[in-house]
1. So V327 ticks every box in (1) in contact with a helix residue (DSSP H, G or I) (Cβ under 8 Å, 6 or more places away or on another chain); (2) modelled with pLDDT of 95 or more; (3) crowded, with 19+ Cβ neighbours inside 10 Å but one. Which box is left unticked?
2. Among the candidates L293, L261, L256, which residue alone is outside any loop (DSSP other than H, G, I, E, B) and buried (at least 16 other Cβ atoms within 10 Å of the Cβ)?
3. Tell me whether the range 70-84 contains one or more residues that are crowded, with 16+ Cβ neighbours inside 10 Å, part of a loop (DSSP other than H, G, I, E, B) and modelled with pLDDT under 95.
4. Here are some conditions: (1) under 24 Å from I63 (Cβ atoms); (2) surrounded by fewer than 21 Cβ atoms within 10 Å (Cβ to Cβ); (3) within 18 Å of the chain's Cα centre (by Cα). W118 meets all but one. Which one does it not meet?
5. What tally of residues in the range 330-356 results from selecting those that are crowded, with 16+ Cβ neighbours inside 10 Å and of a type in the set (D, E)?
6. If you take the residues in the range 142-160 that are touching a helix residue (DSSP H, G or I) at 6+ places or on another chain (Cβ under 7 Å) and either among the small types (G, A, S) or assigned to a helix (DSSP H, G or I) (or both), which one is farthest from Y330 (Cα to Cα)?
7. Residues to consider are G266, G260; find the one that is in contact with a strand residue (DSSP E or B) (Cβ under 7 Å, 6 or more places away or on another chain) and outside the structural domain of A211 (by TED's automatic domain parsing).
8. (1) within 30 Å of L374 (Cβ to Cβ); (2) surrounded by fewer than 14 Cβ atoms within 10 Å (Cβ to Cβ): which one isn't true of I236, the others all being true?
Amino acid sequence: MQSSYKYLIIGGGAAGVSAAETIRSIDATGSMAIISDEPYLMYSRVMLSKPSFFLGKIPFDEIYLKGKEWYSDNHIDFLGGKKAVSCDFQKKTVTLSDSSVLQYEKLLITTGVLARKWKAEGTENKKGIYGLRSLEDGLAIMEAIKTAKKGLTIGGGFISFEMADLLNLAKIETTMIIRESHFWEPTLDEASGQMIEKALTSSGIKIIKNAEVKVVKGAEKVSGAIIKDNKSGKEIEVPCNIIIAGIGVTNSTGWLKESGLRTNLGILANEYMETSAPNVWTAGDIAEYKDLLLEENVQMGNWVNAREQGRIAGLNMTGQHQAFRFVSFYTTSGCGISIAFVGDVTPGPDRVVIPRGSPEINSYARLIVVGKELVGATLLNRSSEMTTISKLIENNVDISGHLKELGDAGFDLKGLLV
């Protein structure tokens, strides 16, 4: 390990590696290092929640997207199992958890976010409770499902949906606990939430809504949970020997507090992924950047977004000046239903929501309009429209004269692109 690098990247995931690839395509010789708080080479976080990986249907090593030879062939030092603990932007240094200090010319921070830690009475130091952020989390769950008979998932979002599907496919009797009155509230409307719930329950998954875990039972290992109905106050006991919590994420920016770097929820950046510090960029889930399409500061947490932001940051670290302009999307499927979010699907008083299709025909979308333009969409069993909707958002197409057609499930959206 050197003590000084031209390019220093904190974070070894999608954004960091995409930046490194981009830099190397332009600057073949500039010294470079990637710091990762995990000891593993780059792997697919997306695959962590996919049944094909968890159920052993594909070779385990396929989770790795880069091998040792990629780092050596590209002359990139991989500093795994080390954490950046502080930065000094005047001295252009980064201090690591092993007390080593690295000098940089250009710095990229792609540290990602952390899975929100789930707590309830009885959860401390008890085996059988899992979150999902890292490869180690995935390995632990893979081992646990070999012997588990009854499982509990906590939360009403992507991770909980995918984990419930996984447990169900592993022949584990599965119950889902959500605090809201319908799935994905308030991002989705009640009709959308109920459509997803129908797919889950039709697959054999039990859903308990308006509820939360009050107590986790068991001595050293989980044996069950006391569930409280938040409306009636009644309590029931649900037997389980594995609990997986997917209750959102938290932003880890505290280590940058004394550095003076501007942060809000994430690390603040402009459309070029530049932070408030000179020669410092950010990308990926931790970046809270200026979105040129939505004309607001946003934070988008998904793989494709991270890859593209990393590419833009890498270009700009080599002296280019290219803005990040990209329509983010996220897709998943399971229990016989496909789900896609495109663009900004955050609810707001300034947004008009146009229903397209219906739960009755098992094909339902919600197109979100601000002013004269589409800004986002939620798609249930209508993923085929995702590319067209992305182009409508990206090109700022004026759809104000076509609101009635947008609500017609048979109307071809491609016609609006002409």
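The values are calculated or read from the model by the stated rules, or taken from the named source; none is laboratory data. Keep in mind that this is a model prediction, so the values were computed, not measured. Reconstructed Cβ throughout: ideal geometry from the backbone, glycine too, with neighbour counts over all protein chains shown.
1. For V327, the exception is condition (2).
2. L256
3. The answer is no; no qualifying residue exists.
4. Here W118 meets the rest and fails (1).
5. Selection size over the range 330-356: 1.
6. Looking at the filtered set, the residue picked out is G151.
7. Being in contact with a strand residue (DSSP E or B) (Cβ under 7 Å, 6 or more places away or on another chain) and outside the structural domain of A211 (by TED's automatic domain parsing) holds for just one of G266, G260, which is G266.
8. Every condition holds for I236 apart from (1).
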